[in-house]
1. Counting Lys and Arg as +1 and Asp and Glu as -1, what is the net charge of the other residues whose Cβ lies under 15 Å from the Cβ of residue 75?
2. Any idea of the accessible area per residue across the range 79-134, 1.4 Å probe, to the nearest Å²?
3. Could you report the accessible area of residue 69 in Å², rounded to 10, computed with a 1.4 Å probe on the protein chains as they sit in the structure?
4. What accessible surface, in Å², does a 1.4 Å probe find on residue 36, ignoring ligands, DNA and RNA and rounding to the nearest 10?
5. Sort 28-34, 42-48 by the packing proxy (mean of other Cβ within 10 Å over each peptide's residues), most packed first.
Amino acid sequence: SSVADWARWDETYRFMIDRNPQYIDDNLSLDAIHNLRIDLIAFHALAGERIQGVVASDAGAQDRLPMETFLPRSLPLAHPLQQDAAARGLKSWILMSPAGVVLFVSHPILTNEGTGPSHGNLIMGRKLDDAAIARIATHTRIHLRAQQAAARAAEDAFATLGVIHYTPIALRTEADSL
């Protein structure tokens, strides 16, 4: 996956140590983000603070939403996308953010060999509009729809997600509606 490729790359690993601005210039252009077919990429340190982030938009650079519309500047350690130094795998969540339904994928930042310690988490996100959800349903051969979860369940499940108010969504099969 793209997030694993970027997160398990010595250049990204070094960037999280030295914060070299050349990495940003060389790798985080809007064209690069569009080519990945994502809406955002964010680099978070293990403590949760965002080191760098870029948001792309089909509407063009001048109409981009701020990163805080998708993710808070600092992720609490209990945030579902935050991983500790020992983590080695992908985490993915579909969350309703102020920007809409977003598929987020997080991977610890490691060396090319997948070794650490991790120096943070690379998060990529893609907005899921009705057409994207329909494509997922077609690809998986499951009838899906996105809806907000019950308010109490949302409060219980996501009490620690951070400054941004996230609304969990439920992906339900057509049979669940019967």
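The values are calculated or read from the model by the stated rules, or taken from the named source; none is laboratory data. Being a predicted model, the structure only gives us computed values, none of them experimental. All Cβ positions, even for glycine, are placed from backbone atoms using ideal geometry, and neighbour counts span all protein chains on display. Side chains are part of the model used for accessible areas, which takes the heavy atoms of the whole protein and leaves out ligands, DNA and RNA. Shrake-Rupley method; radii C 1.70, N 1.55, O 1.52, S 1.80 Å.
1. Taking every other residue near residue 75 into account, the sum is 0.
2. Values: 2140 Å² over 56 residues.
For the range 79-134, the solvent-accessible area averages 38 Å² per residue.
3. Residue 69 exposes around 20 Å² with every protein chain in place.
4. Looks like 40 Å² after rounding.
5. 42-48, 28-34
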